Structure formats: C-alpha cells, structure tokens
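This report concerns only the one structure given below.
A short reminder: the numbers here are calculations on the coordinates, not readings from a lab. Quick caveat: nothing in here was measured; it's all calculated off a predicted structure. Heads up, the Cβs are rebuilt from the backbone with ideal geometry, glycines too, and the neighbour counts pull from every protein chain shown.
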Amino acid sequence: MKHLQNRRAVITGAASGIGAAIAHAYADAGARLLLCDRDATRLATTIEECRARGAQAQACVADVGTREGAQAGVDACLEAFGGIDILVNNAGMLTQAPCVELTYEMWEEMLRVDLTSVFVASQRALPHMLAQGWGRIINIASQLGIKGGAELAHYAAAKAGVIGFSKSLALEVSKHNVLVNAIAPGPIETPLVDGISQAWKTAKARELPLGRFGRADEVAPIAVLLASEPGGNLFVGQTLGPNAGDVMP
Ligand SMILES: NC(=O)c1ccc[n+]([C@@H]2O[C@H](COP(=O)([O-])OP(=O)(O)OC[C@H]3O[C@@H](n4cnc5c(N)ncnc54)[C@H](O)[C@@H]3O)[C@@H](O)[C@H]2O)c1
C-alpha cells in the first residue's frame, strides 16, 4: 500500500521546482493529482512525468493571483475526482527591491500571489474536507518568513502571513481531522532563484551549516510525510524547516 494511495491532491505551482518535485513524489506515493500553474507548457511536462510514474494527473491552468484562479485548482479537483483530500499551496513568486523603492504594485502582487491565494484555495477546499472528516493542507512558506530578508520585505511579510494563517486555521479545524501545516524551506536550487547572482549564492552556501543549497527533491518528501498516515498524524500548525541549518528556531 502506498502512503497516499488514491488521495485526491491539488498542488499549485506544479510546473516547476518544489511544486513539480512534490507532484513527482505524490505520484510515486499513489495520489491522484490535480496540478495547477499559470505556465501551461511546463505544466504539461509535469503532467506527462506524473502519468509516466503511473499516476492519474490532470492540469488546471490558472493564475492563483486572482480570486477565480486561486479557486480553480480545487474546483477542477472536485470535478475530476469528486472531492479533495490534500491541498498543497506552493505557487509563489520572487521580486526584490529595497523597501524605499518597493512599489505599491509590487507589494500588492506579492501579497495576492503568495498569501491571499493560500487563504482563497484553503477556504474553497475546507467545506469538503470538514464534511468528510479528513483533510491535509500544506502551505509552502519560507524561512524568510521567520528571519526576514533584506530587499525582500514584501516576500518575507507574505511568507510570515502564510505561517500565521496556517497556525490559525490549524487551531480551528484540527478536531475535524483536517490538519494544516507549513513548510519553510531555506535556499533551494530552483528557477525561482535564477535571478540571484552566482556570487551571492556562493557566499550564502558558504555560510550555511550544510554548506550548500537544497534540492527540490529534498523538500518534496516532507509534503508526503505531512499528508501520510500515521507519519503526519501529529503535525498540527507546525512549520517544518528544510533549510540546511540556516534557521534553528
Ligand atoms: N527556491 C527557494 O529557495 C525557496 C525557498 C523558500 C520558499 N520557496 C517557496 O517555494 C515555492 C515554490 O518555489 P520554487 O522555488 O519551486 O519556484 P519555481 O519558480 O521553480 O516554481 C514556482 C511555480 O509557481 C508558478 N506560479 C508563480 N506565480 C503563479 C501564479 N500567480 N499562478 C499560478 N502559478 C504561479 C510558476 O509558474 C512556477 O511553476 C514558492 O512558494 C516559494 O516562495 C522557495
């Protein structure tokens, strides 16, 4: 029996990086997948990869930065599989500017994509999870939501919001066996950090206790654990930190 056999899972931001790695790991664990991203081309590749691993996988092309787009993945899962068991809110973006130069538009977009989408998708999924007495919501935050990041005030604020939202929702719904947790990765080598200079990355890797950035496939098993029984049963409102030792709360 696989850990997530027949579980119906929505994963946002599944076309790349950590989201794609979670999709692969969920496919291997036996889940049925509704994969959501705004990048239709790369999403189709992840879908093919998951099907090649033997999983049922459907695509939902949507922008989670809009209310309708954030609801779309859950709605598509209900339509395709008749329900939803697991929601992984992973889609995220990265822009960078000193706070004095951060425009209102940059701030507002970051909050919409990285934080509001988590609320909207979770709220859409919750009635179904509560009615069936089983659900897992896994929100991908960032260690920067704990430690902050220079020139990343909007990103760190959104990710701190994700952690606060996850704890609060966990308090509300865990008695109904709907468990909500966050994963707060440290630096992971994905396209998200492509824009950051190699010099900065080398210096950052040197300061990490582990001495290197993580890989997406080293984060994905945590999302499997949190959705598994019995391994995930006792995690409620936690923030798990695959961060190579950068933050030790
Ligand atoms: N890479 C890191 O170092 C790191 C560290 C901590 C947290 N994270 C978080 O992990 C998550 C995944 O990031 P990643 O590193 O895999 O990045 P990535 O850029 O490889 O993947 C992000 C995916 O999200 C999708 N996406 C972005 N905005 C979207 C939108 N509005 N609607 C729909 N899809 C959208 C992108 O198309 C992409 O496929 C993000 O929430 C990110 O903040 C990443």
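Take 11-18, 95-102, 65-72 and order them by the average number of nearby Cβ atoms within 10 Å per residue, most first; the result is 11-18, 65-72, 95-102. Across region 113-249, the fraction of Cα-Cα pairs farther apart than 20 Å, rounded to a whole number, is 48%. For Ala91, nonlocal amide neighbours, meaning residues 5 or more places apart or on other chains whose placed amide H falls under 5 Å from its own, are Thr12, Gly13.
With the alpha-carbon atoms of region 1-89 aligned to their principal axes, the span from lowest to highest coordinate is 38, 25, 18 Å, starting with the largest. Treating each Cα of region 151-219 as an identical point scatterer and summing with the Debye formula, the log10 of I(q)/I(0) at q = 0.13, 0.19, 0.22, 0.29 Å⁻¹ comes to -0.54, -0.90, -1.03, -1.24. Would you mind classifying region 76-150 by shape? Square roots of the alpha carbon gyration tensor eigenvalues, ordered a ≥ b ≥ c; an a/c under 1.5 is rounded, otherwise it is prolate if a/b is larger than b/c and oblate if not. Prolate shape, in that a/c is at least 1.5 and a/b is the bigger ratio.
Note on region 50-117: Kirkwood hydrodynamic radius from all Cα pairs is 14.0 Å, rounded to one decimal.
When you restrict to C-alpha pairs under 8 Å that are six or more residues apart and normalise by the size of region 167-226, the relative contact order lands at 34 percent.
Dipole magnitude for the chain: about 640 debye, using +1 per Lys or Arg Cβ and -1 per Asp or Glu Cβ, origin at the Cα centre. Within the straight-line cut-off of under 18 Å between alpha carbons, the lysines reachable from Lys175 are Lys167, sequence neighbours fewer than 8 places apart in one chain being disregarded. In the frame of its principal axes, region 8-240 has Cα extents of 47, 38, 33 Å, reported largest first.
Amide H contacts for Gln238 (H built 1.01 Å from N in the peptide plane; partners 5 or more residues away or on another chain; cut-off under 5 Å): Ala182. Cross-link partners for Lys2 among the aspartates and glutamates, with Cα-Cα distance under 13 Å and sequence neighbours closer than 8 places in the same chain left out: Asp28, Glu229.
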